[in-house]
Amino acid sequence: MQSSTLKIEGALFIITVDPERRIIRDGSILVEGQRITRVGKASELASVPADRVIDAREMVITPGFTNGHMHISYAHATRGIFPDDLGPEYLPNVFKLQAIMTEEEEYYTSLLGITELLKYGTTTFVDPGSTKYLDACMKAYEESGCRIIVGWQVTDRPNPLNVPVYETQEAIERMEETIKSYDHRLDDRVRAWAMPFSAGFASDELLVAAKALADKYQTGMTIHHVIRPESAEASMKQYGKRPTEHLEDLGVLGPNLLLAHALGVNEAELDAIERTQTKVVMNPTAAIKGGSGTTKTGLLPEMVERGIGVGIGTDAGNNSNLVESMRAMYLVAVLYKDGRQDVKMIPAETAVELATISGARSLGLDDQIGSIEAGKKADLVLFDTKRPEWRTIFNPVNNLVYNADGRSVHTVIVDGRVVVEDHKPLFVDEWELIQKVQKIGEDMLARTGVSFPQRWPMV
Ligand SMILES: [Zn+2]
């Protein structure tokens, strides 16, 4: 069967993020089936026929964005309930809410989270193992067309967060079962990794076994790593070692491990990360709202400088609240300039790399996604620049990072399939879904009794 062809024609600029970092003015892209087959000047592709042509005049095209840490399955149902001065105590409540979700509730809530991500240009994301009903949620991944990395989140140590605790052997089996059942599903859009919650809540045996599974099945592994700088001190107390040193001693560091957060890791730990080609995802929207000191102790500029495979994520819609890659890009571009009082920190181009090619590398997917090149999967974002925030336009990278946000995303393509068009998701009735999830959230709060007073009277 011949795959159908799609031509995206005459874009104002294509920000390719290819090895030469070319920005093509008046460019066109040809997609055949799931892949990009040609990228070039519109004039070069003018005579190439296609089954469908998208008129991209006045549009800026970027690769789809990656989000390396985004709990997709629960937060959207009870978004914004936590007071902003709550601190880490919100976490036990998160797990309390999550624990009572039904299969149907998790499906709809996941679908709303996915809708938000796709609509604003994030095409690939990591759900760090918090989805309970993967079979039901596979339907949401299939319908929406997103690219997702899933896993089974495990701990084998009692923990104050109410993260479910398993016997070590059962935890290992659950991770393995999940990898075997879900890795490479939906035309390879779904990947499944090993996902122990964190080194603090996992025995050495569990961490070592998780890494062995990632190696055996040639897949990945992610853990929460130094969520706040204080976690480093906890590790010193528990193991007499810095958290990253502890992992290196166990042999858990490596190219297929993605450390999430990594706040307060020191230069010696960066040496270990660099030496072992371990990957990192930093979550600026969550870190700054949680007062985690990312501008003070976050070493993102140093990671970039060392060539570490680092990407950006957001964490969930309930702690970070902001789950847009565009905002995360903006924040990494401005936070370190201000924190270090140095405008040379994280240029706009680096911010774009962190959300595209470098992000893809941190997920082990840079041979498939992260740039607009012939042979890569067609994950593309088309921005409508006929809007005041995009104009005037001379340097599209600066405009993308510093002026624009997700609201100007017009069309989103994942794996060659148009999933958002004219700002609307094509796979769901968005308003109907929102109303459903509002009702789900009300039910969950009533069932758990979780509630927080608001500061202003609601009359
Ligand atoms: Zn997390």
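One table, with the values for the structure above:
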{"read-out": "Output for the range 298-335, where each listed residue is surrounded by 24 or more Cβ atoms within 10 Å (Cβ to Cβ) and hydroxyl-bearing (S, T, Y)", "value": "T314, S320, S325"}
{"read-out": "Filter result (crowded, with 18+ Cβ neighbours inside 10 Å and out of contact with any strand residue (DSSP E or B) (no Cβ under 6 Å at 6 or more places or on another chain)) within the range 169-186", "value": "I172, E176"}
{"read-out": "Restricting the range 288-297 to residues that are more than 11 Å from V226 (Cβ to Cβ) and buried (at least 18 other Cβ atoms within 10 Å of the Cβ), the residue that is farthest from the ligand (Cβ to nearest atom)", "value": "T295"}
{"read-out": "The range 101-143, residues that are of a type in the set (S, T, Y) and either assigned by TED's automatic domain parsing to the domain that holds F383 or in a helix (DSSP H, G or I) (or both)", "value": "Y107, Y108, T109, S110, T115, Y141"}
{"read-out": "Residue match in the range 45-60 (condition: outside any strand (DSSP E or B), surrounded by 21 or more Cβ atoms within 10 Å (Cβ to Cβ) and either modelled with pLDDT of 95 or more or among the hydroxyl-bearing types (S, T, Y) (or both))", "value": "yes"}
{"read-out": "The listed residue being among the hydrophobic types (A, V, I, L, M, F, W, C) and out of contact with any Lys or Arg (no Cβ under 7 Å at 6 or more places or on another chain), out of A232, A287", "value": "A287"}
{"read-out": "Long-range neighbours under 8 Å by Cβ, at least six apart or interchain, first residue farther than 30 Å from A77 by Cβ and in contact (Cβ under 8 Å) with a residue 24 or more places away in the chain within the range 294-320, second within 16 Å of the ligand (Cβ to nearest atom) and charged (D, E, K, R)", "value": "I308/K279; G309/K279; V310/K279"}
{"read-out": "Residue within the range 390-410 that is in contact (Cβ under 8 Å) with a residue 40 or more places away in the chain and in contact with a Gly (Cβ under 9 Å, 6 or more places away or on another chain) present", "value": "yes"}
{"read-out": "Condition check for K211: of a type in the set (D, E, K, R), closer than 23 Å to G359 by Cβ, within 16 Å of the ligand (Cβ to nearest atom) and touching a residue at least 24 places away in the same chain (Cβ under 8 Å)", "value": "no"}
{"read-out": "Matching residues, the range 74-91, being more than 12 Å from the ligand (Cβ to nearest atom) and of a type in the set (G, A, S)", "value": "A77, G80, G87"}
{"read-out": "Identity of the residue in the range 214-241, within 16 Å of T155 (Cβ to Cβ) and surrounded by 18 or more Cβ atoms within 10 Å (Cβ to Cβ), that ends up nearest to the ligand (Cβ to nearest atom)", "value": "H224"}
{"read-out": "Candidate set: the range 118-137, residues that are of a type in the set (D, E, K, R) and within 16 Å of the ligand (Cβ to nearest atom); chosen: the one surrounded by the most Cβ atoms within 10 Å (Cβ to Cβ)", "value": "D127"}
{"read-out": "Any hit, the range 355-362, residues being buried (at least 20 other Cβ atoms within 10 Å of the Cβ), outside any loop (DSSP other than H, G, I, E, B) and within 16 Å of the ligand (Cβ to nearest atom)", "value": "yes"}
{"read-out": "Extreme residue, nearest to the ligand (Cβ to nearest atom), among residues of the range 251-281 that are in contact (Cβ under 8 Å) with a residue 60 or more places away in the chain and of a type outside the set (D, E, K, R)", "value": "A260"}
{"read-out": "Single unsatisfied condition, Q34 versus (1) modelled with pLDDT of 95 or more; (2) buried (at least 24 other Cβ atoms within 10 Å of the Cβ); (3) within 22 Å of the chain's Cα centre (by Cα); (4) not β-branched (V, I, T)", "value": "(2)"}
{"read-out": "Residue ID - nearest to W390 (Cα to Cα), chosen from residues in the range 4-55 that are among the polar types (S, T, N, Q) and in contact (Cβ under 8 Å) with a residue 40 or more places away in the chain", "value": "T16"}
{"read-out": "Evaluation of V304 against (1) within 15 Å of the ligand (Cβ to nearest atom); (2) part of a helix (DSSP H, G or I) (one fails), failing number", "value": "(1)"}
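The values are calculated or read from the model by the stated rules, or taken from the named source; none is laboratory data. Because the structure is a prediction, the values reported are computed rather than measured. Every residue, glycine as well, gets a Cβ built from its backbone with ideal geometry; the counts of neighbours run over all protein chains shown.
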